[in-house]
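The values are calculated or read from the model by the stated rules, or taken from the named source; none is laboratory data. Since the structure is predicted, the reported quantities are computational estimates derived from the model, not experimental observations. Please note: Cβ atoms are built from the backbone with ideal geometry, for glycine as well, and neighbour counts cover all protein chains shown. Protein only, heavy atoms only, side chains kept; ligands, DNA and RNA dropped before computing areas. Shrake-Rupley method; radii C 1.70, N 1.55, O 1.52, S 1.80 Å.
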Amino acid sequence: MEGFTVALLIWTLVSPSSSSNSKAWPTHTVCREGNLEVFYQSCDPLQDFGFSADQCSKHLKPKLNIRFGMILREDIKELFLDIALFTKGSSILNFSYPICEEDLPKFSFCGRRKGEQIYYAGPINNPGFEIFEGEYQVLLELYNENRSTVACANATVICS
């Protein structure tokens, strides 16, 4: 019976909520302060992840402190991030960034294997900029050297 309880606990932690008919992951709030709200939902049908940011201001500073955590379903000898930004159905930015390269690991989690945990808490460098008034949809995808999805999110940014 103990093995069944452990299996049920693991299934509950890694599965989308079964309390609704939807198979979507819950929507998580990254931040909500003043005139800015940022939230996301995992678009990976098999796994959710945690993400938060210390700053919630429409004036994004060049060094942003974040926290990110997940259990890997794929090895990450190399890791890449694709970002696509949309507003009113139109694409306004597409960006790709190498996070882990075989010869140039930028973070301590580079090289981790399937089943291991990634947890990062610290600064990320980005160009400081102002978020203009409006509603934006952001598609973020992390993928490895084999183009296998490591994590994916649909985010919404609302600035008033």
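Observations on the model:
- The listed residues are Glu33, Glu74, and the only one of them that is open to solvent by 70 Å² or more (accessible area, probe 1.4 Å) and either modelled with pLDDT of 95 or more or acidic (Asp, Glu) (or both) turns out to be Glu33.
- Matching residues, the stretch 49-66, being in a strand (DSSP E or B), under 15 Å from the mean Cα position of the chain (by Cα) and touching a residue at least 40 places away in the same chain (Cβ under 8 Å): Phe51, Leu64, Asn65, Ile66
- Checked against (1) assigned to a loop (DSSP other than H, G, I, E, B); (2) in contact with a Pro (Cβ under 9 Å, 6 or more places away or on another chain), Asp75 passes all but condition (2).
- Search result, residues across the stretch 117-137 that are on the phi < 0 side of the Ramachandran plot, surrounded by 11 or more Cβ atoms within 10 Å (Cβ to Cβ) and within 17 Å of the chain's Cα centre (by Cα): Ile118, Tyr119, Tyr120, Ala121, Pro123, Ile124, Asn126, Tyr136, Gln137
- When residues of the stretch 85-112 are limited to those that are outside any loop (DSSP other than H, G, I, E, B) and among the hydrophobic types (A, V, I, L, M, F, W, C), the one surrounded by the most Cβ atoms within 10 Å (Cβ to Cβ): Cys100
- Every test in (1) without any contact (Cβ under 8 Å) to a residue 12 or more places away in the chain; (2) on the phi > 0 side of the Ramachandran plot; (3) more than 17 Å from the chain's Cα centre (by Cα) is passed by Leu104 save one, and that test is (2).
- Residue, farthest from Leu72 (Cα to Cα), within the stretch 129-144, restricted to residues that are modelled with pLDDT of 95 or more and among the acidic types (Asp, Glu): Glu135
- Among the candidates Gly128, Gly69, Gly111, Gly89, residue that is free of Cβ contacts under 8 Å to residues at least 12 places away in the same chain and not aliphatic (A, V, I, L, M): Gly89
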